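**Student:** I have a structure here, written as structure tokens, and I will follow up with some questions on it.
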Amino acid sequence: MDTQRKTELAEIARKIRVGIIDAVYSANSGHPGGSLSIADVLAYLYFEELNIDPKNPDWPGRDRLVLSKGHCAPGLYSALAQRGYFPVEDLKTFRKTASYLQGHPDMKHTPGVDMTSGSLGQGASTSCGMALANKIDGTSVRVYAILGDGETEEGQVWEAAMFAGNRKLSNLCWLVDFNGLQIDGPIADVNDPTPYPEKFRAFKWNVVECDAHDFDSIEAAYQAARACTDKPTVIISHSIKGKGVSYMENSVSWHGAAPNAEQYEVAMKDLGER
Amino acid sequence: MADKIATREAYGKALAEFGAIYENLVVLDADLAAATKTATFKKAFPERHFDCGIAENNMICVATGMSLCGKIPFASTFAMFAAGRSFEQIRNSIGYPHNNVKIGATHAGITVGEDGATHQCCEDIALMRTIPGMTILNPADAVEARLAVKAAIEFEGPVYLRFGRMAVPVLFGDDYKFEIGKGVKMADGSDVALIATGIEVEQALGARELLAADGISASVVNISTIKPLDEALVVAEAAKCGAVVTCEEHTVIGGLGGAVCECLAEKKPTPVLRVGIQDEFGRSGPAKELLSYYHLDAAAIAEKAKAAIALK
């Protein structure tokens with residue numbers, strides 16, 4: 001990727017992060033940590049990878065993205081807003097009673113949301129169904145899903161992984177946001193779902209790893225996914241939970257908490273808004 | 001009366017029949033295709049039948065994903081594992097977004113027979129009723145089962161279809177018209193209304209004959225759409241007869257009995273007694289024997305009807 005494009009994507013990712021903090025701060029609740037850890041990936045997906053048309057969000061020929069870790073809705077909404085699906089200003093209505101921006105993604109009321117999610121594991125399977133339907137129809141549609149690392153403790157994820165591997169769903173690409181933390185603590189302490197590469201290879205997947213905060217690395221991973229034509233691909237995305245906001249980085253306590261006014265100012269400073 | 005045929009048999013045949021017309025119809029199963037009878041569809045359209053293996057939660061959500069990419073999926077397994085195991089998948093991935101997925105649940109109720117309580121799902125209607133926007137169809141015979149499948153295909157939105165394992169008589173002729181949300185009066189009467197669903201419609205008709213021998217006039221109503229309930233018909237029958245007995249092969253909590261009581265309590269308070277599984281688990285045994293054991297047969301309905309009349 002050339003330097004100019006990298007700079008542009010970094011600026012988009014920065015704005016996505018600002019939107020995440022604005023949304024969670026306005027709602028006084030929500031999940032900033034895991035939203036911030038996928039902000040660069042979302043910037044890459046929505047501005048480089050996905051074949052989509054924000055003016056025609058229901059276009060049948062579009063690529064699909066399922067945010068299986070639905071609690072990171074602030075990240076998804078902020079990316080969709082940046083991409084032009086709805087006004088950035090609306091992020092401040094997140095989780096408010098009259099808003100179309102629900103606490104977890106609601107496909108029926110939010111333009112650009114391809115699947116309702118929030119109950120962990122289900123998006124993994126839904127993405128398989130989308131990929132299967134397109135595969136039997138011979139379309140060029142690609143299907144993407146983003147899973148949390150904690151989410152992979154759900155048995156349904158492995159039901160879906162077995163299904164996709166056996167069905168050779170090469171139009172399917174999952175990304176596991178491997179930030180290492182879940183609500184109750186480090187995933188290694190709670191119920192360690194690793195090692196990932198060995199597990200996914202055993203389930204007949206193509207396995208790629210990337211640095212979640214390096215656009216060259218993200219690009220290489222998604223290109224490797226496209227190049228694989230006989231297996232689904234999983235990208236093990238090594239990320240920093242809370243990335244970009246100093247006091248949130250690598251902190252379990254910012255999984256699902258909102259900053260106060262003082263903390264909000266620090267976050268905005270960290271993100272270059274002050 | 002024609003030969004007996006299980007509604008699951010009619011389900012499999014209907015899928016194959018309508019699969020020829022609807023090219024976007026796909027069928028998913030969870031290693032039970034021979035039992036759910038989706039194997040009939042598989043034989044006709046192997047490229048549109050997807051065996052997901054013993055992983056029902058994944059199957060339900062794979063079906064959901066397919067529905068979002070142009071397909072009309074029927075996901076099939078036993079009622080226990082569809083409504084039971086996968087309740088939350090159905091609630092969150094199908095019900096909440098109102099996705100166009102059809103759940104073909106077979107082996108519902110006590111007449112699963114010898115497999116016993118772990119497989120006798122008598123809670124599925126109650127579970128599905130709690131999901132906003134869910135349509136629940138429980139056909140009484142093979143004719144109605146076929147038409148229910150057709151109606152579900154043509155209906156936009158989630159549908160739970162309930163089929164049985166046991167062979168049952170054919171009650172309807174070829175000219176029978178089926179409409180989602182409409183109950184059907186099978187026989188008129190004035191002393192008590194027997195409001196039945198699924199295989200209990202046959203038993204209610206038998207009860208009507210027993211009651212007639214005692215000089216009691218019973219109407220029989222087939223409620224094959226449990227949700228949305230045909231409230232107008234239920235209220236009209238209750239108003240006319242003044243006593244109601246609900247008949248279902250399902251727990252009396254939250255199923256047809258629950259739905260009718262909720263409706264009548266608000267719109268036409270009437271004595272209602274409920275024939276069904278009385279808040280207990282099933283047991284192994286031949287299906288027909290279990291109908292008597294759990295007081296679901298014609299004789300038990302007739303007794304309940306007399307008790308209901310006494311409450312007037």
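The values are calculated or read from the model by the stated rules, or taken from the named source; none is laboratory data. Keep in mind it's a predicted model, so treat the numbers as computed, not measured. Here the Cβ positions follow ideal geometry from the backbone for every residue, glycine too, while neighbour counts run over all protein chains shown.
**Student:** Quick one: in the stretch A:228-240, which of the residues that are touching a strand residue (DSSP E or B) at 6+ places or on another chain (Cβ under 6 Å) and surrounded by fewer than 24 Cβ atoms within 10 Å (Cβ to Cβ) is nearest to residue A:128 (Cα to Cα)?
**Tutor:** Checked the stretch A:228-240; the qualifying residue nearest to residue A:128 (Cα to Cα) is A:231.
**Student:** Failed condition for residue B:113, given (1) more than 28 Å from residue B:25 (Cα to Cα); (2) under 12 Å from the mean Cα position of the chain (by Cα), with all others met?
**Tutor:** (2)
**Student:** Which numbered condition trips up residue B:175, out of (1) in a loop (DSSP other than H, G, I, E, B); (2) closer than 26 Å to residue B:261 by Cβ?
**Tutor:** (2)
**Student:** Within 16 Å of the chain's Cα centre (by Cα), modelled with pLDDT of 95 or more and within 14 Å of chain B (Cβ to nearest Cβ): does that describe residue A:74?
**Tutor:** no
**Student:** Follow-up. Residues to consider are B:83, B:145, B:151; find the one that is in contact with a Ser or Thr (Cβ under 6 Å, 6 or more places away or on another chain), in a helix (DSSP H, G or I), within 30 Å of residue A:126 (Cα to Cα) and away from chain A (no Cβ under 14 Å).
**Tutor:** B:145
**Student:** Can you find, within the stretch B:221-240, the residue that is surrounded by the fewest Cβ atoms within 10 Å (Cβ to Cβ) among those that are not in a helix (DSSP H, G or I) and not polar (S, T, N, Q)?
**Tutor:** Ranking the candidates gives B:228 first.
**Student:** Moving on. Please indicate, with yes or no, whether at least one residue in the stretch A:186-206 is touching a Leu at 6+ places or on another chain (Cβ under 8 Å), modelled with pLDDT of 95 or more and more than 14 Å from every other protein chain (Cβ to nearest Cβ).
**Tutor:** Yes.
**Student:** What tally of residues in the stretch A:138-180 results from selecting those that are in contact with a Gly (Cβ under 9 Å, 6 or more places away or on another chain), assigned to a helix (DSSP H, G or I) and buried (at least 22 other Cβ atoms within 10 Å of the Cβ)?
**Tutor:** 8
**Student:** Taking residue B:18 and the conditions (1) away from chain A (no Cβ under 14 Å); (2) surrounded by 24 or more Cβ atoms within 10 Å (Cβ to Cβ), which numbered condition does it fall short on, given that it satisfies the others?
**Tutor:** Tallying (1) away from chain A (no Cβ under 14 Å); (2) surrounded by 24 or more Cβ atoms within 10 Å (Cβ to Cβ), residue B:18 fails exactly one: (2).
**Student:** Please enumerate the residues belonging to the stretch A:208-218 that are closer than 14 Å to residue A:38 by Cα and either among the small types (Gly, Ala, Ser) or in a helix (DSSP H, G or I) (or both).
**Tutor:** A:212, A:215, A:217, A:218
**Student:** Turning to a different aspect of this structure: Of a type in the set (A, V, I, L, M), modelled with pLDDT of 95 or more and either closer than 26 Å to residue B:123 by Cα or surrounded by fewer than 24 Cβ atoms within 10 Å (Cβ to Cβ) (or both): is that true of residue B:218 in this structure?
**Tutor:** Considered against the rule, which asks whether it is of a type in the set (A, V, I, L, M), modelled with pLDDT of 95 or more and either closer than 26 Å to residue B:123 by Cα or surrounded by fewer than 24 Cβ atoms within 10 Å (Cβ to Cβ) (or both), residue B:218 comes out as no.
**Student:** Another question, then. From A:68, A:119, grab the single residue that is within 14 Å of chain B (Cβ to nearest Cβ), surrounded by 19 or more Cβ atoms within 10 Å (Cβ to Cβ) and more than 25 Å from residue A:245 (Cα to Cα).
**Tutor:** When all the criteria are applied, what remains is A:119.
**Student:** Among the listed residues B:260, B:245, B:275, identify the single one that is within 18 Å of residue B:188 (Cβ to Cβ), buried (at least 22 other Cβ atoms within 10 Å of the Cβ) and of a type in the set (Val, Ile, Thr).
**Tutor:** So the residue among B:260, B:245, B:275 that is within 18 Å of residue B:188 (Cβ to Cβ), buried (at least 22 other Cβ atoms within 10 Å of the Cβ) and of a type in the set (Val, Ile, Thr) is B:245.
**Student:** If you don't mind, there's one more thing I want to ask. Name the residue that is surrounded by the fewest Cβ atoms within 10 Å (Cβ to Cβ), counting only residues in the stretch B:21-71 that are small (Gly, Ala, Ser) and at the interface with chain A (Cβ under 9 Å from one of its Cβ atoms).
**Tutor:** Restricting to residues being small (Gly, Ala, Ser) and at the interface with chain A (Cβ under 9 Å from one of its Cβ atoms), the top hit is B:70.
**Student:** Something else: Just to be sure before I move on: is residue B:216 in contact (Cβ under 8 Å) with a residue 12 or more places away in the chain, assigned to a loop (DSSP other than H, G, I, E, B) and not polar (S, T, N, Q) in the structure I sent?
**Tutor:** Against the criterion (in contact (Cβ under 8 Å) with a residue 12 or more places away in the chain, assigned to a loop (DSSP other than H, G, I, E, B) and not polar (S, T, N, Q)), residue B:216 qualifies.
Matching residues to (1) out of contact with any strand residue (DSSP E or B) (no Cβ under 9 Å at 6 or more places or on another chain); (2) surrounded by 22 or more Cβ atoms within 10 Å (Cβ to Cβ); (3) more than 21 Å from residue A:69 (Cβ to Cβ):
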{"residue": "A:200", "(1), (2), (3)": "no, yes, no"}
{"residue": "A:207", "(1), (2), (3)": "no, no, no"}
{"residue": "A:220", "(1), (2), (3)": "no, no, yes"}
{"residue": "A:226", "(1), (2), (3)": "no, no, yes"}
{"residue": "A:247", "(1), (2), (3)": "yes, no, yes"}
{"residue": "A:251", "(1), (2), (3)": "no, no, no"}
{"residue": "A:256", "(1), (2), (3)": "yes, no, no"}
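**Student:** Among the residues of the stretch B:94-131, which ones are in a loop (DSSP other than H, G, I, E, B) and closer than 25 Å to residue B:70 by Cβ?
**Tutor:** Those that are in a loop (DSSP other than H, G, I, E, B) and closer than 25 Å to residue B:70 by Cβ: B:96, B:97, B:98, B:99, B:100, B:101, B:131.
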